[in-house]
Amino acid sequence: MKLPHNAHVALVDGTTFVVMQNKGKPFEPELETVAKPELSTTNFSAGVRHQDPVSQQQGRTDLNELAHGAAAAEWLNARAIADEIDRVLVIADPKTLGEMRRHYHTELEKRLVGEIAKTMTGETSTRIAEAIAAA
């Protein structure tokens, strides 16, 4: 995948949110951490879709994790609307990515250069860059 120079990379899972920036070339990304925002998980709108007991069993659906994904999307939305980020790649586990998509603002959607549905939050920046280049 081509990741433009200075593009932001949002790494998200149900508990972690890290923002990195590509300081390298488009096909040879070099990632640098620029922020680890503290999020306020107040948007539990996913609970409307997951009210049955089966969906709420441990390991199936954790509403706190989904609220964290919604909060990450809202943080990215605010930065896109304020013109603080120009291009962004979102890397998140599939469940979190699905929840984030529900909350994308049109301004953020315009700035998305891609999405990778994979858990990468515990990986080194080198491994993340390799995954981006291979995508």
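The values are calculated or read from the model by the stated rules, or taken from the named source; none is laboratory data. Small disclaimer: the values here were computed from a predicted structure and weren't measured. Heads up, the Cβs are rebuilt from the backbone with ideal geometry, glycines too, and the neighbour counts pull from every protein chain shown.
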Flag if A67 is among the hydrophobic types (A, V, I, L, M, F, W, C), modelled with pLDDT under 95 and more than 26 Å from A135 (Cα to Cα): yes
Scope the stretch 1-44; condition in contact (Cβ under 8 Å) with a residue 60 or more places away in the chain, acidic (D, E) and out of contact with any Lys or Arg (no Cβ under 7 Å at 6 or more places or on another chain); matching residues: D13, E28
Options T96, T119: the member that is part of a loop (DSSP other than H, G, I, E, B) and surrounded by 16 or more Cβ atoms within 10 Å (Cβ to Cβ): T119
Out of V54, V48, V18, sole residue that is modelled with pLDDT of 90 or more and either of a type outside the set (G, A, S) or more than 27 Å from T126 (Cα to Cα) (or both): V18
Candidate set: the stretch 70-93, residues that are out of contact with any helix residue (DSSP H, G or I) (no Cβ under 7 Å at 6 or more places or on another chain) and assigned to a helix (DSSP H, G or I); chosen: the one surrounded by the fewest Cβ atoms within 10 Å (Cβ to Cβ): A78
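I'd like to check something: does the stretch 106-113 contain any residue that is at pLDDT 95 or above and closer than 19 Å to T33 by Cα?
Looking through the stretch 106-113, at least one residue is at pLDDT 95 or above and closer than 19 Å to T33 by Cα.
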Residues that are in contact (Cβ under 8 Å) with a residue 24 or more places away in the chain, under 18 Å from A7 (Cβ atoms) and of a type in the set (D, E, K, R), drawn from the stretch 80-103: D86, R87
Extreme residue, farthest from the chain's Cα centre (by Cα), among residues of the stretch 60-69 that are of a type outside the set (A, V, I, L, M, F, W, C) and not in a loop (DSSP other than H, G, I, E, B): N64
